[in-house]
Structure formats: structure tokens, C-alpha cells
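Asks: Please find one structure pasted underneath; my questions will follow.
The values are calculated or read from the model by the stated rules, or taken from the named source; none is laboratory data. Computed from a prediction, not measured in an experiment: that's the story for all the values here. Every residue, glycine among them, receives a Cβ derived from its backbone with ideal geometry; neighbour counts consider all protein chains shown. Just the protein is used for accessible areas: all its heavy atoms, side chains included, with ligands, DNA and RNA removed. Shrake-Rupley method; radii C 1.70, N 1.55, O 1.52, S 1.80 Å.
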Amino acid sequence: MSQAAPHYYSLGESAVALALPAPATLAQQRRIWRLAASLAGAPGVLDIVPGMNNLTVSYHPLDFDPDHAFDCLRQHWAALGAADDDAPARQVDIPVCYGGEAGPDLAEVARHTGLTPAEVVKQHCAAEYQVFFMGFQPGFAYLGGLPEALATPRRAQPRTRVPAGSVGIGGSQTGVYPASSPGGWQLIGHTRLKLFDPTATQPTLLQPGDRVRFVCEELRHA
């Protein structure tokens, strides 16, 4: 399969970035993760940040040579080759209580999609998701794999406080809020799992590449 051609650009005064054309795919994300691993320890590199369909490399300002940085990024990308779509991945099940106070926007998602609340839950649980990257807040995983039928716009008026453990849908993505924060996603449920624990040896429950399934523990009605 032919590989998407990346776009390279500067980001600030001491960083370079690579971006791939949309849409994000699992194969592209895996190649980005491999690129991040291959750049680890490169001279002058301060930080490597994989994102959704992109990767940013930050350099120490005194060591930054943009021509060298771009050449390094291009060479490492070209050397990777195609990613292995059958690479093993950890499976994580997330138990969810859907609807009611746990998921106050489930009825709105059902109205928007033309499904019943039970059908929304059934489709949400039937899909297998992949952690594409971590961001927004510690432990928050951006997941690929939401069924197109469940895509729902974010709330017109974001909430000032979304409880930790809330499961939401925002556009074509779904995810879990690890900590209480403002947020505009449609909340359809809540999980008792702790996705971020700063005292743990591995603070984040989910990692890029993990496969995720949501499991319905209960469906509450408004």
C-alpha cells in the first residue's frame, strides 16, 4: 500500500513538525509512534510529541539547526517503511454506566443520530477503539473507531465542570475525562475506572496503541 506523503513545517523557533493528510488511520499512527521511538536520544532533541496524524520534535535552542532538523526528520520517516497492521496491542475494557445522571446527554445523542438511547449504547459498546494519542489533560486518550452513526457535534455551550470518569462523544470521537474539568463533549455515561493516578508507577491507564472496548454495566433512563 502506498504511504501518505507528509508535510514538514517549523513550529516556533526551535521545533519542527511532520503532518500527514487526513483522515488519521491506525497504520499512519503506528508509523508516527515508530518515528517517535526512532528519534529518541537524537542529538539536541528536548522533546518528541506524537499527535493525531502529526509529530513535533523540540530542540534545545542553542543546538537548533532547522536544515539539519528537517533532514533528520525526513530521513527517519523514509527509513521506517510501512507499519505492521497486525502488531500486538493491549486490550483494555472500560465499564460504563450509561444515561441518567451518569450520562445526561445520552438522549441528545439519540435525538441527533435518530437512534434510541439503547441503540446508541449498543453501537458504542460494539465498536473496538484504538488509542491514537494522549493529550488535553493527563490520561486523556484520543480514540479512533467511533461508528459514523454516533458522530454528534459538541455542545453549543460547554460545561464549566465535567466530572472525572465521564464518557463523552465530541464530533467523530469518543473518550473519557480522567479528571474534572470544563468540557464541551456530549456526556453519555460514566466509568468507575481511574484513568490517571500521579502516584502510580504507570500514571496513565491507557497508552498509545491500546485497544479499548466500552462495556455497559447499566443503562439508566432519564
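Asks: Can you name the number of the only condition in (1) among the aliphatic types (A, V, I, L, M); (2) under 29 Å from ARG213 (Cβ atoms); (3) open to solvent by less than 20 Å² (accessible area, probe 1.4 Å) that ALA69 fails?
Replies: The one condition ALA69 does not meet is (2).
Asks: Hand me the list of helices (runs of 4 or more DSSP H) wholly inside region 17-121 holding 2 or more residues that are closer than 30 Å to HIS221 by Cα.
Replies: 106-113
Asks: What are the pairs, 6+ residues apart or on separate chains, where a residue within region 23-37 that is touching a residue at least 60 places away in the same chain (Cβ under 8 Å) has its Cβ under 9 Å from a residue that is of a type in the set (Gly, Ala, Ser) and open to solvent by 40 Å² or more (accessible area, probe 1.4 Å)?
Replies: LEU26/GLY145
Asks: Something else: Go through region 186-222 and report how many residues are open to solvent by 20 Å² or more (accessible area, probe 1.4 Å), of a type in the set (A, V, I, L, M, F, W, C) and not in a strand (DSSP E or B).
Replies: Residues meeting the conditions: 4.
Asks: Going through region 109-136 one residue at a time, which ones are open to solvent by 60 Å² or more (accessible area, probe 1.4 Å) and either within 22 Å of ALA27 (Cα to Cα) or over 23 Å from the mean Cα position of the chain (by Cα) (or both)?
Replies: The answer is ARG111, HIS112, GLY114, THR116, GLU119, ALA126, GLU128.
Asks: While we're on this one: For region 38-51, what are the residues that are in contact (Cβ under 8 Å) with a residue 60 or more places away in the chain and either open to solvent by less than 20 Å² (accessible area, probe 1.4 Å) or over 23 Å from the mean Cα position of the chain (by Cα) (or both)?
Replies: GLY51
Asks: Tell me, yes or no, whether region 151-166 has at least one residue that is buried (at least 21 other Cβ atoms within 10 Å of the Cβ) and of a type in the set (A, V, I, L, M, F, W, C).
Replies: The initial filter retains those residues of region 151-166 that are buried (at least 21 other Cβ atoms within 10 Å of the Cβ), namely 152, 165-166.
In the following step, the residues that additionally are of a type in the set (A, V, I, L, M, F, W, C) were identified as none.
So far as region 151-166 goes, no, none of its residues is buried (at least 21 other Cβ atoms within 10 Å of the Cβ) and of a type in the set (A, V, I, L, M, F, W, C).
Asks: A follow-up question, please. Pairs, please: C-beta under 9 Å, at least 6 apart or cross-chain, first residue free of Cβ contacts under 8 Å to residues at least 60 places away in the same chain and in region 200-222, second open to solvent by 50 Å² or more (accessible area, probe 1.4 Å) and assigned to a loop (DSSP other than H, G, I, E, B)?
Replies: These pairs meet every condition: ALA200/LYS194.
Asks: Residues of region 129-174 being more than 17 Å from VAL49 (Cα to Cα), in contact (Cβ under 8 Å) with a residue 24 or more places away in the chain and of a type in the set (Val, Ile, Thr), which ones?
Replies: THR152, VAL162, VAL167, ILE169, THR174
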